[in-house]
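Here the structure is laid out as structure tokens; the discussion comes afterwards.
The values are calculated or read from the model by the stated rules, or taken from the named source; none is laboratory data. From a predicted model like this one, the values you see are computed outputs, not experimental measurements. Here Cβ is always computed from backbone atoms with ideal geometry, including for glycine, and neighbour counts include all displayed protein chains.
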Amino acid sequence: MNNISSRKHCRFSEEIIQDCLLIMESGSVEELFEIIPRLGVLRDPRFISPLINMLAQADVKRCEFAAYAMGAMGNQEFLDYLKKAFLKAQKVKGFGSQEFLIAVIEAIGAIGDDAAVEFFLPILKSSDAPSQLRMLKWIVESLGAIAQQGGTRSLEALVELTGHRNQEIRAQALAELSVAFWHRPNEISEMILDRIYELTKDRTPMVAEASWAALQSLADVGCRRAESFFRS
């Protein structure tokens, strides 16, 4: 019975794989986005080549799908292609361009995990031009998501970014530091808490307010030391 069940399961999985391959070849954009969870579960090697090809297409929505699908599959083989796509996505204009860029940033974070810092941090340090600020904040948010999952290098990068020359990046980094410890509020180090508290006295109102908001957020989820700041 076990062998029969196993064969049935294999046939069922193969049917789903073939269905996904067919949709990637000729499906609509809506159908493509619907199969992302299946690609993430199956992670079949036959998906790799179609996704790489689709990421290079001119259709921005199909590129966006390919990026999200790569992130769902988590295959390190995609990382270099996504880094190249990041440069492409920065130059794309018009409908769907921002969504494509977000997808690439999220996928790099999902696949690279903590190693994504090595790609993202130089970008964050090299520019704070108004035209790029939204993109930079998306990157900081991606680092926050990685830090929340235990990424120590991403956590270190967020602390470093609290000293960024742009006040909006500093404020975003503070917000992401609090998010990183929502599920483990009392594991936050004294160094990080002291840094957040230090910035409540920052001369830039946006940064000071973000610091207080980060402390309040931590207190709300049960961080004892953050609670003590408000009692004192």
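Scan region 210-221 and give yes if some residue there is touching a Pro at 6+ places or on another chain (Cβ under 7 Å) and more than 30 Å from Asp80 (Cβ to Cβ), otherwise no.
yes
Could you look through region 68-92, keep only residues that are modelled with pLDDT of 95 or more and touching a Phe, Trp or Tyr at 6+ places or on another chain (Cβ under 7 Å), and pick out the one that is surrounded by the fewest Cβ atoms within 10 Å (Cβ to Cβ)?
Going through the qualifying residues, I end up with Met73.
Pairs under 9 Å by beta carbon, first residue touching a residue at least 40 places away in the same chain (Cβ under 8 Å) in region 34-61, partner among the charged types (D, E, K, R), six or more apart or different chains?
Going by the 9 Å Cβ cut-off, the qualifying pairs are Val60/Glu99.
Out of all the residues in region 96-116, is one or more assigned to a loop (DSSP other than H, G, I, E, B), at pLDDT below 95 and either in the same structural domain as Ile36 (by TED's automatic domain parsing) or under 9 Å from the mean Cα position of the chain (by Cα) (or both)?
Within region 96-116, one or more residues are assigned to a loop (DSSP other than H, G, I, E, B), at pLDDT below 95 and either in the same structural domain as Ile36 (by TED's automatic domain parsing) or under 9 Å from the mean Cα position of the chain (by Cα) (or both).
Count, please, the residues in region 201-220 that happen to be in contact (Cβ under 8 Å) with a residue 12 or more places away in the chain, of a type in the set (A, V, I, L, M, F, W, C) and crowded, with 19+ Cβ neighbours inside 10 Å.
Result for region 201-220: 5.
So Glu198 ticks every box in (1) surrounded by fewer than 19 Cβ atoms within 10 Å (Cβ to Cβ); (2) touching a residue at least 40 places away in the same chain (Cβ under 8 Å) but one. Which box is left unticked?
It is condition (2) that Glu198 fails.
Out of all the residues in region 152-163, which are touching a Leu at 6+ places or on another chain (Cβ under 8 Å) and either farther than 16 Å from Asp113 by Cβ or not in a helix (DSSP H, G or I) (or both)?
The answer is Val159, Glu160, Leu161, Thr162.
How many residues, within region 73-128, are polar (S, T, N, Q) and over 20 Å from Ile169 (Cα atoms)?
Selection size over region 73-128: 3.
Yes/no matrix, rows are residues, columns are (1) in a loop (DSSP other than H, G, I, E, B); (2) over 15 Å from the mean Cα position of the chain (by Cα):
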| residue | (1), (2) |
| --- | --- |
| Leu32 | no, yes |
| Arg46 | no, yes |
| Ala58 | yes, yes |
| Ala69 | no, no |
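Scan region 124-143 and report the pairs whose first residue is part of a helix (DSSP H, G or I) and whose second residue is of a type in the set (Phe, Trp, Tyr) and modelled with pLDDT of 90 or more, with Cβ atoms within less than 8 Å and a gap of 6+ or a chain change.
Note: pairs meeting the criteria are Ile139/Phe120; Ser142/Phe120; Leu143/Phe120.
Is one or more of the residues making up region 140-148 under 17 Å from Leu82 (Cα atoms) and either surrounded by fewer than 18 Cβ atoms within 10 Å (Cβ to Cβ) or assigned by TED's automatic domain parsing to the domain that holds Ala69 (or both)?
no
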